[in-house]
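The values are calculated or read from the model by the stated rules, or taken from the named source; none is laboratory data. Quick caveat, the model's predicted, so the values are computed rather than measured. Here Cβ is always computed from backbone atoms with ideal geometry, including for glycine, and neighbour counts include all displayed protein chains.
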Amino acid sequence: MPLFGQRPNYKFNWTAESYKAEAAPFFNQLTLQSGPILQVGHGREGRTSLKATVSSGLSKATGTIPLFSGLYRFSENLWLGGLISGYRAGGDVIILSGYAAEILPVEPSEEGSSWSVEVSRRAVEGAEDFNFKTVGVVLSRRINFHGAQFYYGLGFAFFDVIFHGSSVAVEGIPQQLEGQVNLLSGGVERSLGEHVVGLTARTSNKGASVMIHLSKLINE
C-alpha cells in the first residue's frame with residue numbers, strides 16, 4: 001500500500017454505518033503516527049536529545065504530520081522530556097503534545113546492545129470533531145553494527161477519543177471511543193557529523209507508519 005504525503009483531514013462526516021467501519025482504523029493509525037520513540041542513540045551519551053520527525057502513514061485522512069521532541073538526561077538511566085507539534089488538518093489548527101520517560105534498566109552488553117523502556121502520554125487537540133489522548137509503553141533493544149544503530153521493539157498504546165461538534169449529532173455515533181494498539185517497531189540511525197539521521201517503521205495488524213528524523217545530542 002502507498003504512503004501518503006498530503007495534509008491530514010480530520011473532518012469525518014460519518015454516518016452511523018461508516019462510523020463502525022472507519023472510526024477504529026482511523027484512530028489506530030493516528031496512534032501509530034503520533035507515537036515515535038524519542039530516544040536518540042543508545043542513551044548513555046549526551047545530556048540533551050533534540051529530534052525533528054516527519055511521520056507518514058497508510059491513511060489519506062491522517063496524512064503526514066511533523067513532530068518535534070526533546071529529552072533531558074537526569075541520571076545514568078533516566079531521560080525525561082516531551083514532544084510538541086502544530087499543523088493544519090483541513091480547516092483545523094491542530095496541537096499535538098505529550099511527555100515521556102525513557103528508562104535504561106541495564107548497562108549495555110559487551111556486544112554494544114542495550115535495552116530501554118519508554119512510557120509516554122500524548123494528546124491531539126484542536127480538531128472540530130474530537131479530542132484524542134494516548135498512553136503507551138514501548139520496550140526497545142538497540143544494537144551497534146558497522147557504525148549504525150539498529151533498534152527494534154514491541155509495545156502497546158491505549159487511546160481515548162471524545163467526540164463533539166457535528167459528530168455526536170448523528171444518531172448511532174457515541175460520544176467516546178476507546179481502544180488498544182499492539183505494535184512492532186524497528187529502525188536505523190546513523191551519525192552525520194554533529195547530527196543523527198534515522199528511519200523508523202511502526203506496524204500493527206491495524207495499520208503502519210514510517211518516520212524520518214533528524215536529531216542531535218548535546219553534551220552540556
Subset of the stretch 97-128 (residues that are crowded, with 20+ Cβ neighbours inside 10 Å and at pLDDT 85 or above)
Gly98, Ala100, Glu102, Leu104, Ser116, Glu118, Ser120, Arg122, Val124, Ala127
The stretch 176-193: number of residues that are modelled with pLDDT of 90 or more, hydrophobic (A, V, I, L, M, F, W, C) and surrounded by fewer than 18 Cβ atoms within 10 Å (Cβ to Cβ):
2
Hey, could you check the stretch 194-220 for residues that are exposed (fewer than 15 other Cβ atoms within 10 Å of the Cβ), farther than 18 Å from Leu58 by Cα and modelled with pLDDT under 90 and say which is nearest to the chain's Cα centre (by Cα)?
His195
Residue check, Arg73 against (1) touching an Asp or Glu at 6+ places or on another chain (Cβ under 8 Å); (2) more than 19 Å from Ser34 (Cα to Cα); (3) surrounded by 14 or more Cβ atoms within 10 Å (Cβ to Cβ), all met but one. Which one?
(1)
Checking the conditions here, which among Ile94, Ile84 is over 14 Å from the mean Cα position of the chain (by Cα), of a type in the set (A, V, I, L, M) and at pLDDT 90 or above?
Ile94
Do we have any residue at all in the stretch 117-124 that's among the acidic types (Asp, Glu) and either closer than 30 Å to Gly91 by Cβ or touching a Lys or Arg at 6+ places or on another chain (Cβ under 6 Å) (or both)?
no
Here the residues within the stretch 41-58 that are at pLDDT below 90 and closer than 17 Å to Val124 by Cα are Ser56, Gly57
Would you tally the residues in the stretch 131-177 being within 17 Å of Arg202 (Cβ to Cβ) and free of Cβ contacts under 8 Å to residues at least 40 places away in the same chain?
10
